[in-house]
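Reading through the structure tokens given below for one structure.
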Amino acid sequence: MKKICWGTGLLMWLFTSFVQAAPLRLATTTSTDNSGLMRELLPYFEAKTGYKVHVIAVGTGQALRLGRDGNVDVVLVHAPKAELQFVEAGYGINRRQVMSNDFVFVGPKHDPAGLRRLRDSVQALQRIAATQSLFISRGDDSGTHKKERLLWEKLSQKSDPAWYREAGQGMGRTLQIAGELDAYTLTDRGTWLVFRKRLPLELLVEGDPRLHNPYGIIAVNPKRHPHVNHQGALALIDWITSDEGKHLIREFKLEGRPLFVPIETTD
Amino acid sequence: MDGLLGTTQQALQLLLTGNPELWTIVGVSFSVSLKAIIFTTPVALVLAFVLAYLDFPGNRLLLSVFNSLLSVPTVVVGLLLYLLLSRQGPFGDLKLLFTQTAMVVAQMILCFPILVALGHAAMQAADQRAWETARTLGAPPWYAMLTVLYEVRFALITAVLTGFGRIISEVGASMMVGGNIMGFTRNITTAIALETSKGEFVQGVALGLVLLLLAFLLNFLLGYFQGKGKLLA
Amino acid sequence: MSAPLITFRNLDKWYGAQQVLEQVKLSLYSGQCILLAGENGSGKTTLLKILAGLETPTRAEVEYADTTQPWKTAVRRYRREVIYLHQTPYLFNGTVASNVAYGLRFTGLNREQQQQALARGLVWANLTEQAKRPAHTLSGGIRQRVAFTRAWVLSPKILLLDEPIANMDDASRKQTCDLLGRMKSEGMSIVITSHDAQPFETLADVRFQLENNQLRPCELHSTARESV
């Protein structure tokens, strides 16, 4: 009798993981996930709607790719140009702008390129190039990386591998590398706030409107992938842009400071 | 910044106070790896037996295939499985990507060659007379096989422990097909990868300690069973 | 002497291009002991294993239970009646008792009957006191006895022994021959291979020589019944 009980129990345990209620899959970027916003927000959404959200945090490029392949139901990224292309190509529908924060330049305290208190991001890059100061780029096609490349395009100088290094990794790692190598880097404010205690770096440049970092949420097109949880995706999009969602976003603080600004207009 | 000692202290605290997030992660590791090894072992051992006792064309070839699969990098298995399980892939309709099932499958693929190769070695080392004695005393072939497996059980346990060791500490495959989703597909190794990438070393060290302890335990058991196996040879 | 239990005819065995046994003919009778002599490597073990159903002949015919069939079909039926014992017996991990009882679970007896058969076997071989001893602690003489008993409890009609007394001291040899004598008187048909014929002079009824791949009847010291 005991053996039967153990045997049944073992069999049940072995097979329960194969029986699951369908979750709502959200692909987002590592920096978004690392800020902790999703962790703070989603329980409210889950409690209200009963959906269970699975957050898969990868680079922007991969997040959009997951959406395009239909491996997730909804994507939340911060790369407006790529987002628009995504929708235009028919991979996603019902795009909404959710919130924004900004990018900042950080670097070593002794600031060899003299960026401190500059307000012009392009000028900052110019000085880095001129002084050939070490700069670590994300190098991973992320929203941050795309923004950085956009800024470089406005310069006549080109980056040079002598002082320009591509980390190919997430923001946290990239910051760590910059810290170890006494280098400059471009980072989103959220990740910076999380990491700055552990780093020998300082915030040097902020406030340039070109450093604006808007986030958009897009539902994966159900016409291309009929199996996706479209209802759930729409529910999440509606909720996160609703008053409740906006309120929670506004109230979210990192290291005691609000990080995101919810976008008031809907697209 | 905390030094190594400080981080380790905090890590121990985290472990001993039963931090639920931490232990959920440990639970996922064990759940996935135990299932993988439980599902793989019977099939792999039977295959190892057949390869050792049955002569058929391609026998040697099959064995060398398994031997070469022993050292395939885990990320490669992960990538391959990802492409197969992706919606764009041939098995997309199974909806297995980013589930524990996918991780179990990946780990089954990883430990299967080990179990077959080591199991085969154990059977080869087994006494030929064992099979013959069992058969002549009236055992049907399947029972005789079980008898032989029992005779070399310590070597087989060693094979299983080795296979388990490989899969509980792998990160490449779990990361790719699991998606590192908290509470669901985040296991010890993917969590360590994540936490260190965030600079959160305390949780990383805590999980690392669990893994280290497990490694010690496995090694100890390995030595114990290997010794026993030798004694009865 | 009534009809043979089983007869093997036209038995050939080739290993690739090498022939090992040629047109072997052998009949086994109940209560008879056959001594199979021949040099090492002459194919005695191969022949025995084929008789036991442990190896496949290249071709052979078997006359068993009033029908003649090719070996492949016949072996399924007759192999239950035959037990083969290795030169150095293999004992399973476990005790004397667990070894002796091994084959009982395939006989269709219920638990209690199996226990009784085991007890009888231990008494028969005078092993009752050793029943709980672990197999790997046993010395050569006792191992042999355990192997015999393990076979005896299954009441086989035919017993095949490969060099049963090689590497044994005189006392153990006598013990072995005694046991074999008892089994013969209980009606078993016994085939023994040995490169030394002398110890089996009283036990063996018939002697064959395996030479140049062929089985040749020989003279024994006592008057012998030759198989047909």
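The values are calculated or read from the model by the stated rules, or taken from the named source; none is laboratory data. Owing to the predicted nature of the structure, the values given are computational and were not obtained by experimental measurement. Neighbour counts run over all protein chains shown; Cβ positions are idealised from the backbone, glycine included.
Residue by residue through the stretch C:168-190, note down the ones that are out of contact with any helix residue (DSSP H, G or I) (no Cβ under 7 Å at 6 or more places or on another chain) and either crowded, with 17+ Cβ neighbours inside 10 Å or among the polar types (S, T, N, Q) (or both).
We begin by selecting, within the stretch C:168-190, every residue out of contact with any helix residue (DSSP H, G or I) (no Cβ under 7 Å at 6 or more places or on another chain); these are C:169-171, C:174, C:178, C:180-182, C:184-189.
Correct list: C:Leu180, C:Lys184, C:Ser185, C:Met188, C:Ser189.
Table: residues versus (1) among the hydrophobic types (A, V, I, L, M, F, W, C); (2) assigned to a loop (DSSP other than H, G, I, E, B).
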{"position": "A:Gln157", "(1), (2)": "no, yes"}
{"position": "A:Gln169", "(1), (2)": "no, yes"}
{"position": "A:Thr187", "(1), (2)": "no, no"}
{"position": "A:Gly190", "(1), (2)": "no, no"}
{"position": "A:Arg196", "(1), (2)": "no, no"}
{"position": "A:Leu203", "(1), (2)": "yes, no"}
{"position": "A:Arg210", "(1), (2)": "no, no"}
{"position": "A:Pro214", "(1), (2)": "no, no"}
{"position": "A:Asp238", "(1), (2)": "no, no"}
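For the structure I just gave you, tell me whether B:Phe154 is under 15 Å from the mean Cα position of the chain (by Cα) and part of a helix (DSSP H, G or I).
When the stated conditions are applied, B:Phe154 does not pass them.
Of the residues A:Gly139, A:Gly143, A:Gly179, which is within 14 Å of chain B (Cβ to nearest Cβ), within 24 Å of the chain's Cα centre (by Cα) and touching a residue at least 12 places away in the same chain (Cβ under 8 Å)?
A:Gly179
So, in the stretch A:182-202, of the ones that are touching an Asp or Glu at 6+ places or on another chain (Cβ under 7 Å) and of a type in the set (A, V, I, L, M, F, W, C), which residue ends up nearest to the other protein chains (Cβ to nearest Cβ)?
The selected residue is A:Leu193.
Could you tell me which of the residues C:Thr68, C:Thr58 is more than 8 Å from chain B (Cβ to nearest Cβ) and either without any contact (Cβ under 8 Å) to a residue 12 or more places away in the chain or closer than 24 Å to C:Ser2 by Cβ (or both)?
C:Thr68
Which residue out of B:Thr185, B:Thr136 is closer than 30 Å to B:Gln203 by Cα, surrounded by 22 or more Cβ atoms within 10 Å (Cβ to Cβ) and within 10 Å of another protein chain (Cβ to nearest Cβ)?
Every option except B:Thr185 fails the conditions.
Please work out which one of (1) within 14 Å of chain C (Cβ to nearest Cβ); (2) closer than 27 Å to C:Ala151 by Cβ; (3) of a type in the set (A, V, I, L, M); (4) surrounded by 22 or more Cβ atoms within 10 Å (Cβ to Cβ) is the condition B:Leu156 fails and give its number.
Evaluating B:Leu156 over (1) within 14 Å of chain C (Cβ to nearest Cβ); (2) closer than 27 Å to C:Ala151 by Cβ; (3) of a type in the set (A, V, I, L, M); (4) surrounded by 22 or more Cβ atoms within 10 Å (Cβ to Cβ) leaves (2) as the failure.
For every residue, the table says whether it meets (1) among the β-branched types (Val, Ile, Thr); (2) buried (at least 21 other Cβ atoms within 10 Å of the Cβ); (3) closer than 20 Å to B:Gly163 by Cα.
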site	(1), (2), (3)
B:Leu4	no, no, no
B:Leu15	no, no, no
B:Thr24	yes, no, no
B:Phe30	no, no, yes
B:Ala44	no, yes, yes
B:Leu70	no, no, yes
B:Pro90	no, no, no
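Per-residue answers, yes or no, for (1) free of Cβ contacts under 8 Å to residues at least 60 places away in the same chain; (2) closer than 28 Å to A:Trp152 by Cβ; (3) touching a helix residue (DSSP H, G or I) at 6+ places or on another chain (Cβ under 6 Å); (4) buried (at least 19 other Cβ atoms within 10 Å of the Cβ):
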residue	(1), (2), (3), (4)
A:Arg210	no, yes, yes, no
A:Tyr215	no, yes, no, yes
A:Asn221	no, no, no, yes
A:His227	no, no, no, no
A:Ile240	no, no, no, yes
A:His247	yes, no, no, no
A:Glu251	yes, no, no, no
A:Pro258	yes, no, no, no
A:Pro262	no, no, yes, yes
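In the set C:Leu21, C:Leu28, C:Leu35, C:Leu48, which member is within 14 Å of another protein chain (Cβ to nearest Cβ), surrounded by 16 or more Cβ atoms within 10 Å (Cβ to Cβ), hydrophobic (A, V, I, L, M, F, W, C) and in contact (Cβ under 8 Å) with a residue 40 or more places away in the chain? Explain how you work it out, then say what you get.
Working: C:Leu21 fails: within 14 Å of another protein chain (Cβ to nearest Cβ); C:Leu28 fails: within 14 Å of another protein chain (Cβ to nearest Cβ); C:Leu35 fails: within 14 Å of another protein chain (Cβ to nearest Cβ).
None of the other options fit; the residue is C:Leu48.
Out of everything in the stretch C:95-112 that is among the small types (Gly, Ala, Ser) and crowded, with 16+ Cβ neighbours inside 10 Å, what residue ends up being nearest to the other protein chains (Cβ to nearest Cβ)?
C:Gly103
May I ask you to say which residue of B:Leu61, B:Leu81, B:Leu110 is away from chain C (no Cβ under 14 Å) and either in a loop (DSSP other than H, G, I, E, B) or surrounded by fewer than 16 Cβ atoms within 10 Å (Cβ to Cβ) (or both)?
Only one candidate qualifies: B:Leu61.
Of B:Thr101, B:Thr133, which residue is modelled with pLDDT of 90 or more, under 20 Å from B:Ile37 (Cβ atoms) and not hydrophobic (A, V, I, L, M, F, W, C)?
None of the others qualify; the one that does is B:Thr101.
Based on what the data block shows, is A:Gln62 polar (S, T, N, Q) and either modelled with pLDDT under 90 or not assigned by TED's automatic domain parsing to the domain that holds A:Leu236 (or both)?
In short, yes.
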